2 protein chains.
Amino acid sequence: MVTLAEVARHAGVSASTVSYVLSGKRSISGATRQRVEESIRVLGYHPNAGARALAGGRSNIIALMVPLRTELYVPVMMEIAVAVATAARAHGYDVLLLTGEEGPAAVRRVTGSGLADAVILMDVELDDGRLPPLRASGRPSVLIGLPADTTGLTCVDLDFTATGALCVDHLAELGHREIALIGEAPGVYERRTGFAERTLGGLRSRAAERGLRLLHRPCEGGYDALAATLGRVFDERPDTTAFVVQNEAAVEPLLALLRRRGRAVPEDVSVIAVCPEQVAVQASVRLTSVAVPAREMGRRAVEHLVAKIDGAGPDEVVLLPPELTVRASTGPAPARVREARSGEA
Amino acid sequence: MVTLAEVARHAGVSASTVSYVLSGKRSISGATRQRVEESIRVLGYHPNAGARALAGGRSNIIALMVPLRTELYVPVMMEIAVAVATAARAHGYDVLLLTGEEGPAAVRRVTGSGLADAVILMDVELDDGRLPPLRASGRPSVLIGLPADTTGLTCVDLDFTATGALCVDHLAELGHREIALIGEAPGVYERRTGFAERTLGGLRSRAAERGLRLLHRPCEGGYDALAATLGRVFDERPDTTAFVVQNEAAVEPLLALLRRRGRAVPEDVSVIAVCPEQVAVQASVRLTSVAVPAREMGRRAVEHLVAKIDGAGPDEVVLLPPELTVRASTGPAPARVREARSGEA
DNA sequence: GCGGGGCGTCGAAGCGCTTCGACGGGTTCA
DNA sequence: TGAACCCGTCGAAGCGCTTCGACGCCCCGC
């Protein structure tokens, strides 16, 4: 391995000069700079990361902690992870991939050892066990998701409450009165992962305001699970005319099963998905959806984090406003229901 | 931050003793060891990663390079990545997440700077630009995938050639004579990503051996793309009775479109998927499939890599044998075709 | 023409750890 | 009973970098 000292010798300057050329923290004459840069190029020099971290007190590494349960909402996670990695590189940081497996201990380890300068937490639960060690570490951090207590934290997330409300508004305007939420797997709610509850909350309160009935059914992914769920929904609320789906693995099964039951989308039943754009576009019916802006979330998280590392970032909760894109899966509530409704009026 | 020296003072021993307690590289008396461990616990000591890397000459970090085009075969990638991270931790390594964006330069950077002790490359192309810098670096590495020239390299992958053959065997035994491969997006073939070609190769040669006709159609994911592709397949080969799909984003569309065309699976048309187990099980028809053993691949890659870091690992190409699981999507070729076939004989 | 101030460069002191050689004391074997 | 040895411990030397203070030198102003 080529060292700073060798570069210095090759360029006929001192080691510190090379260091200053690299960091730009002191002014260097053009001639010297060029000579040094040339030597670096010729020798193929790469600064040693360990030495740099030791001397400089920072590793230029951001830890990204992805959820333990990888079977859940995988595409979003992957998209965020890649967006984080890409954005981080653009700011000169590398990304360390931590799985949820180690939990709080991993946070302690990477912050305590100085391996990571900062941490991004994904899949944050309302009362997340990783937060105490994170707070204690004093390291800059950004959460993707929203815990119950956000004091002193920076969080980036889609505004899921507004998302829920937006879905209700759209459906209400189309004349729907009875809607059902096909949610994430029950485990997601049990773990009290914020986003699922917030969507539900948004749906519930807006539905109450506008006089719609809402049924909520968590659901595992896959056909069999959804078939059972769907059966119970229609048994309990036969007049359900619209679905909000927040579960990637349930989107396609829902469409297929509705078809199988002879319910046309959007003529008989409307469907809104809360999912990444791509899922909505590639589905068998182009879905009206609220996009989960995964890339944007990853990018923003990194930007806030870098600002905090540099000492400039305020603690702040950033809720991205949801955008509903109307595609082919939502339409006016079917006449029968609309008649019943006007009959009531 | 607590340092080694502070632990040493607290325990009343020298710094080197603490170091040896930590590494176990020299024998330490039980009493001393306990005293040191107690001090470590009490003070909440975590060895500084940078210092360790600098002094020890190794970072205990493995770089994992995921593909640039994240839209492709995402679930497999994520599964592998998580498996790698988990397995790596079990061996005391952390994982640095690199995206393909930087390409060869990233390999140079992380190996040259000593940031990573070793590298795992995913999504390897036949003539992969990342291999020259990787070879030049002299760092241990494992590829997930197979380049054209594997001299001096360790590779782990599913045996896709055997996978193709296995699919043909299964279909041939069921009496199918005309089969079609719905492949990955054309881009995947253009980039000459090994696995896609190898599956095709396996299918082709076994089909030739057993006298089956094979049609190959790369295909973008999603409904519209697949609808077009499928139309062309049936135009060109109306007697096609079986499909092999190697494209996660095409699985569900294929099933839906076949249904829409009035072709029942498996009565009229058989379908075999090459995909992760979960995709096959959760599809609208439980799919006969050859599983892509993502977790296994990630795990194996790490194990080989760790062996190489420790100087024990031979260069080796590990091709995992494919396993075909028969589920509900394959059955005997329809009678019309079987008759035609016996007429020929 | 001389003093003051930048500017550009250097030397040295660490950062926190690993590891090598050394050393004292207790065994062990002839 | 001494030499040879091993075990447990220590001190010191570095790993390759950053950064601080110091030091010339040149340019400027008076």
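Quick notes on this structure:
- The stretch A:112-139 - residue that is away from chain B (no Cβ under 12 Å) and small (Gly, Ala, Ser) and, of those, surrounded by the most Cβ atoms within 10 Å (Cβ to Cβ): A:ALA118
- Selection of the stretch A:52-80 for residues being at the interface with chain B (Cβ under 7 Å from one of its Cβ atoms), part of a helix (DSSP H, G or I) and over 22 Å from the mean Cα position of the chain (by Cα) yields A:ALA53, A:LEU54.
- Residue in the stretch B:85-94 that is surrounded by fewer than 20 Cβ atoms within 10 Å (Cβ to Cβ), assigned to a loop (DSSP other than H, G, I, E, B) and within 16 Å of DNA strand D (Cβ to nearest atom) present: no
- Only a single criterion out of (1) crowded, with 19+ Cβ neighbours inside 10 Å; (2) within 14 Å of chain A (Cβ to nearest Cβ) is not satisfied by B:ALA264, namely (1).
- Looking across the stretch B:1-32, the residues that are in a helix (DSSP H, G or I), surrounded by fewer than 17 Cβ atoms within 10 Å (Cβ to Cβ) and near DNA strand D (Cβ under 7 Å from one of its atoms) come down to B:ALA15, B:SER16, B:ALA31, B:THR32.
- For the stretch A:184-205, a residue qualifies if it is surrounded by 21 or more Cβ atoms within 10 Å (Cβ to Cβ), of a type outside the set (S, T, N, Q) and at pLDDT 95 or above, and the qualifying residues are A:LEU200, A:GLY202, A:LEU203.
- Residue in the stretch B:89-102 that is assigned by TED's automatic domain parsing to the domain that holds B:PRO75 and on the phi > 0 side of the Ramachandran plot present: yes
- Long-range neighbours under 6 Å by Cβ, at least six apart or interchain, first residue touching a residue at least 12 places away in the same chain (Cβ under 8 Å) and more than 14 Å from chain B (Cβ to nearest Cβ) within the stretch A:1-26, second more than 7 Å from DNA strand C (Cβ to nearest atom) and polar (S, T, N, Q): A:HIS10/A:SER39; A:ALA11/A:SER39
- Listed conditions (1) surrounded by fewer than 17 Cβ atoms within 10 Å (Cβ to Cβ); (2) near DNA strand C (Cβ under 8 Å from one of its atoms) are all met by B:PRO47, apart from (1).
- Among the residues examined, A:ALA88 qualifies as within 18 Å of the chain's Cα centre (by Cα), within 12 Å of chain B (Cβ to nearest Cβ) and at pLDDT 95 or above.
- If you go through the stretch B:95-105 and keep only what is within 8 Å of chain A (Cβ to nearest Cβ) and either part of a helix (DSSP H, G or I) or closer than 19 Å to A:VAL107 by Cα (or both), you end up with B:VAL95, B:LEU96, B:LEU97, B:GLU101, B:GLU102.
- Matching residues, the stretch B:283-304, being within 11 Å of chain A (Cβ to nearest Cβ) and among the β-branched types (Val, Ile, Thr): B:VAL285
- One residue from A:ALA49, A:ALA83 being over 18 Å from B:ALA83 (Cα atoms), at pLDDT below 95 and facing chain B (nearest Cβ under 10 Å): A:ALA83
The values are calculated or read from the model by the stated rules, or taken from the named source; none is laboratory data. In this text, all values refer to a predicted model and were calculated from it rather than measured experimentally. Note: ideal-geometry Cβ built from the backbone for every residue, glycine included; neighbour counts use all protein chains shown.
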